[in-house]
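For reference, the structure discussed in these notes is given below.
The values are calculated or read from the model by the stated rules, or taken from the named source; none is laboratory data. Quantities reported herein were computed from a predicted structural model and do not represent experimental measurements. Every residue, glycine among them, receives a Cβ derived from its backbone with ideal geometry; neighbour counts consider all protein chains shown.
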Amino acid sequence: MTPTEESSTPTALDLLFGPDIDAAKTLADKILSPGAGQDIGRALGHLSEMTQKAAAREAATTVAALLKVDLTGVLVRGWREHRDIISAARRTLAAPGSTEVVSMSTHEVTLEQRPSIGVLVDGQQVATLELGLSIVFDVDALVLGISGGRLVAVHSGNCDITATLAVQGTDLFVRNAHLELPGVISLRRGIRLLPISAYPSGGYTGSEPSGGQYTGSGYQASEYPAEGDDASASWWLGARSVPPQNQRA
């Protein structure tokens, strides 16, 4: 996959549904489909058909908005917790004009979200839809360039992504994609790797993806990330659907 539009940031919504699909309508249709799962049926089955459709439509619109998760930001959040990267950032910040190249071993970055949506009818909550978003990045052969305490280049690296969207414990959408990271992440402004207080006053003007947590052999991102730097738009065109597994009967 190669970039065509550097102004767009790849998101979980893009990966799960693609650029030309009405995500809200597709999701609403899936929620109401006979094969969606018994748990979804129990959540909405006591409502009238008209109310079910309205509830699914409104819930799907909310879900689509929640899925605008910046995938580049999730990756960077994990990398900001890596000891070698932080050390290089500190050294280059202390030595203006210097650049270091950091090679990282195979690692995993994950994001897990469990939001819920209340369905209201005449001001009364009549149902709750429990959502699950899982994104797993398997990163390999990564080489990063660091200067001035910032991530300024991705020299090499590739990443396999699996995104899963579940409703009421039933996996409704599963998508896989492969990214060549130098073609996906544009770092013209650089991305901060250290606490902003570490930079000279007024001396930092790069991007601000928020922090993550390093957990052993992988990175766990527990919140939706802030927007990262410029990135490409067409990487998801090579994504493929995977049949959901282990659905609850």
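When you look at GLY18, is it closer than 21 Å to LEU111 by Cα and of a type in the set (Gly, Ala, Ser), yes or no?
Considered against the rule, which asks whether it is closer than 21 Å to LEU111 by Cα and of a type in the set (Gly, Ala, Ser), GLY18 comes out as yes.
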In the range 66-97, anything of a type in the set (Asp, Glu) and either within 20 Å of SER147 (Cα to Cα) or assigned to a loop (DSSP other than H, G, I, E, B) (or both) is listed as GLU81, ASP84
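Applying the selection to the range 126-157, what residues are charged (D, E, K, R) and either crowded, with 19+ Cβ neighbours inside 10 Å or in contact with a helix residue (DSSP H, G or I) (Cβ under 6 Å, 6 or more places away or on another chain) (or both)? Reasoning before the result, please.
First, pick out the residues of the range 126-157 that are charged (D, E, K, R): 130, 138, 140, 150.
Of everything in the range 126-157, just one residue is charged (D, E, K, R) and either crowded, with 19+ Cβ neighbours inside 10 Å or in contact with a helix residue (DSSP H, G or I) (Cβ under 6 Å, 6 or more places away or on another chain) (or both), namely ARG150.
Among residues belonging to the range 72-123 that are among the hydroxyl-bearing types (Ser, Thr, Tyr) and surrounded by 21 or more Cβ atoms within 10 Å (Cβ to Cβ), point out the one that is modelled with the highest pLDDT.
Residues of the range 72-123 among the hydroxyl-bearing types (Ser, Thr, Tyr): 72, 87, 92, 98-99, 103, 105-106, 110, 116.
Subset that is surrounded by 21 or more Cβ atoms within 10 Å (Cβ to Cβ): 72, 92.
Details: THR72: 84, THR92: 96.
If we take residues in the range 72-123 being among the hydroxyl-bearing types (Ser, Thr, Tyr) and surrounded by 21 or more Cβ atoms within 10 Å (Cβ to Cβ), then THR92 is modelled with the highest pLDDT.
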Residues of the range 9-53 being surrounded by fewer than 16 Cβ atoms within 10 Å (Cβ to Cβ) and under 30 Å from LEU75 (Cβ atoms), in sequence order, are GLY18, PRO19, ASP20, ILE21, ASP22, LYS25
Given (1) surrounded by 17 or more Cβ atoms within 10 Å (Cβ to Cβ); (2) in contact with a Ser or Thr (Cβ under 9 Å, 6 or more places away or on another chain); (3) not charged (D, E, K, R), ALA56 misses just (2)
The condition from (1) over 18 Å from the mean Cα position of the chain (by Cα); (2) not in a strand (DSSP E or B) that PRO182 misses is numbered (1)
ALA239 passes all but one of the listed conditions (1) modelled with pLDDT of 90 or more; (2) farther than 19 Å from ARG114 by Cα; (3) in contact with an Asp or Glu (Cβ under 9 Å, 6 or more places away or on another chain); the exception is number (1)
Of the candidates GLU130, GLU108, GLU112, GLU100, the one satisfying the condition of being under 18 Å from ARG150 (Cβ atoms) and assigned to a strand (DSSP E or B) is GLU100
